[in-house]
Each structure stands twice: as C-alpha cells, then as structure tokens.
1. For region 12-49, give me the residue count where each residue is outside any loop (DSSP other than H, G, I, E, B), aliphatic (A, V, I, L, M) and modelled with pLDDT of 95 or more.
2. For the structure I just gave you, tell me whether Gly183 is within 23 Å of Asp259 (Cα to Cα), small (Gly, Ala, Ser) and either surrounded by 13 or more Cβ atoms within 10 Å (Cβ to Cβ) or in contact (Cβ under 8 Å) with a residue 40 or more places away in the chain (or both).
3. Residues in region 193-202: is at least one among the acidic types (Asp, Glu) and either at pLDDT below 95 or touching a strand residue (DSSP E or B) at 6+ places or on another chain (Cβ under 9 Å) (or both)?
4. Might you let me know whether region 105-120 holds any residue that is over 19 Å from Leu204 (Cβ atoms) and at pLDDT below 95?
5. Could you list all residues from region 125-144 that are farther than 19 Å from Val260 by Cβ and in contact (Cβ under 8 Å) with a residue 60 or more places away in the chain?
6. Step by step: first the residues of region 121-147, then only those that are crowded, with 24+ Cβ neighbours inside 10 Å and modelled with pLDDT under 95, then the one that is farthest from Ala220 (Cα to Cα). Which residue is that?
7. Modelled with pLDDT under 95 and either over 21 Å from the mean Cα position of the chain (by Cα) or part of a strand (DSSP E or B) (or both), is that true of Glu9?
Amino acid sequence: MEHWFLDSEFPNSEMDKARFHVIPFPLEASVSYEGGTAFGPEALIRASSQLEQLVEGYGNPGLLGIHTTEAVPTDEGPAVAIQRAQALLKQAYACKAIPVMLGGEHSISNAAIALLKDCYAEGEVGVLQFDAHMDLRFAYEGNPLSHASVMRRMVEAGIPLFQVGIRNYSEEEQQARIQYKIGHYDASFLYTKQRVDGFGSLALPQDFPKKLYISFDVDAFDASLMSATGTPDPGGLFWWDSIVLLQQLTEGRTIIGFDVVELAVNQLHHPSYTASKLTYFLMGLSSKRY
C-alpha cells in the first residue's frame, strides 16, 4: 500500500490493535451529474498527510491506532463490491474497532446495512445522515443500489434514520419521509434556527437509538466550501455549522461507525483536505462517543 490515512504521522496499525479501520471504497457506478468519486478515497487519504495530530477538544485520536485496508475492488460491479465491503465492516466489528468507509458515491453506505442488521439488535443503531439530498427514491434510473436510493434501503431494513442539511426534494422522497417517520433538520430550518438562537437547543429525539452510524455526504456542505462533489449545492452547511451539529446531535450517544462519501476530485485541492479534516474530526468525536 502506497498511502494510508495520516501516513505522515502514524504507521498503518495492525488491524487488531487499531481503534479505527479506514476502508477506501472508490465506487462510481450511478453518479447522476459530474463524476470523479472513484478518485475520492485516494485523494482524501493523500490529503490526510497534511493534517495535524490533534483534534481541537478531542485529543489525539491517531494514538488509538488507525488501520487502513486496501481499497475495495469495484471491477465486478456494485453488488459484489458492496458484499466485499460488508466483510471489511464486520471485520472491524470483530476487532472492536470503529469502521470508517471513504467513498466513492453514496451507494457505498449500502454495505453498512448488513453490519447494523447482523451485529446489533433491531432498533439498536440509528443512522444520522448529513446530506443535501434525501436519497429516499425507491430506485434511480432503475437501479435500487443507486446513490439516490441508499437511505430508502436503510429504512426498508428497519433502521431508524435522522436527516440533517437536506435542501433538495422529490415528491416520492417526501412521501417516503412521512411513511417511514424520518426525523429531520433541513437546511432552511437550520438557517433560520441559527439566525434566531443558534444550534444549542437541537438534539436527536429522545426515542432515537443511543448508538449511531453517521453517513456524511460532503454535498451537505455549501457549494462554496465543497465544490468537489457530483452536485455542489448552494444553501448548505459551513464548517463550524457541521462541527457544532455533530457535537450537539451525538451528545450522550455512542458512534459505532461512519462514512464520508461523494468526494469527487476536481482541479482544486482544498475540498480533499476539507473532507480529510472532517474524517479525522469524526475519529476524534467517535473516540469520545465510544
């Protein structure tokens, strides 16, 4: 392996001694606008060499050990690739590590369904999704494993879902949100909330699972901060919005895993660094919510 996460600061830890298992998953099979997600994980990992060891307020998560796996092969198509990723996620669980999947398009989160269904009791883990889109279509262009359908597969599997930062809607997805009783803090609500009294009173519902899997699509960020994604979208979250919301919404809960998806490499280098810094922040946050 030529590069691993934070290779400028730490060796690639042995899997059974690492708190974090980083799983690069360069899937690009159903993108609907601009491409480039196949190169996202590599760019994010390369950018991690520029990070400092400390995460403000959360110490030095790298000292807990970071094991980066080989990239998930995608040459046999999405269904086979997802099965391979499922095995790596369960391997992390067996090692009592926190899995960190790096996308790749949002379809990679389909791999987490098996982890949440097979390794935890029903309703024990909920998904906290940061995104510009609901991803609740039954299928997109006939593909039920599409990036636009991944959260529909989650809720169909009985996994509770809470959405943050959404600002694009279809009628089908709005109906699915009602049908599956999906909680949400949409971008327009967050904008108003922040202007009035900030995010201090926001929390997940009391009856939402105490264990969380976080799925962070980088298009949750405003397009001015994150241009390197398939659909850079205005009206999104800025850096400190995202950090404060992650802190607030995970307070008193355990983070059992997370993914960072939809980084699509372009000519700018700051988006890859931003996604990398987000990943390391989530490691720091998870280390205190574990």
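1. Taking region 12-49 as the starting set, the residues that turn out to be outside any loop (DSSP other than H, G, I, E, B) are 15-17, 20-25, 37-49.
Subsequent filtering for residues that are aliphatic (A, V, I, L, M) retains 15, 22-23, 38, 43-45, 47.
Now narrow it down to the ones that are modelled with pLDDT of 95 or more: 15, 22-23, 43-45, 47.
Here the count works out to 7.
2. Numbers: within 23 Å of Asp259 (Cα to Cα): yes; small (Gly, Ala, Ser): yes; either surrounded by 13 or more Cβ atoms within 10 Å (Cβ to Cβ) or in contact (Cβ under 8 Å) with a residue 40 or more places away in the chain (or both): yes.
So Gly183 fits the description; yes.
3. Initially, region 193-202 is screened for residues among the acidic types (Asp, Glu), giving 197.
Subsequent filtering for residues that are either at pLDDT below 95 or touching a strand residue (DSSP E or B) at 6+ places or on another chain (Cβ under 9 Å) (or both) retains 197.
Yes, some residue in region 193-202 is among the acidic types (Asp, Glu) and either at pLDDT below 95 or touching a strand residue (DSSP E or B) at 6+ places or on another chain (Cβ under 9 Å) (or both).
4. So in region 105-120, the residues over 19 Å from Leu204 (Cβ atoms) come out as 105-108, 110-111, 113-115, 117-119.
Retained after the next criterion (residues that are at pLDDT below 95): 105.
Yes, region 105-120 contains a residue that is over 19 Å from Leu204 (Cβ atoms) and at pLDDT below 95.
5. Quick first cut of region 125-144, residues farther than 19 Å from Val260 by Cβ only: 136-144.
Answer for region 125-144, where residues must be farther than 19 Å from Val260 by Cβ and in contact (Cβ under 8 Å) with a residue 60 or more places away in the chain: Tyr140, Glu141, Asn143.
6. The qualifying residue farthest from Ala220 (Cα to Cα) is Ser146.
7. Values: modelled with pLDDT under 95: no; either over 21 Å from the mean Cα position of the chain (by Cα) or part of a strand (DSSP E or B) (or both): yes.
No, not satisfied.
Let's see how each residue does on (1) out of contact with any Pro (no Cβ under 9 Å at 6 or more places or on another chain); (2) surrounded by 17 or more Cβ atoms within 10 Å (Cβ to Cβ); (3) aliphatic (A, V, I, L, M); (4) over 28 Å from Leu63 (Cα atoms):
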| site | (1), (2), (3), (4) |
| --- | --- |
| Gln194 | yes, no, no, yes |
| Asp197 | yes, no, no, yes |
| Ile214 | yes, yes, yes, no |
| Asp219 | no, yes, no, yes |
| Ala223 | no, no, yes, yes |
| Thr229 | no, yes, no, yes |
| Trp239 | yes, no, no, no |
| Gly252 | yes, no, no, no |
| Leu268 | yes, no, yes, yes |
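The values are calculated or read from the model by the stated rules, or taken from the named source; none is laboratory data. Predicted model, so just to flag it, every value in this text is computed and none were measured. Cβ atoms come from the backbone with ideal geometry, glycine included; neighbour counts cover every protein chain shown.
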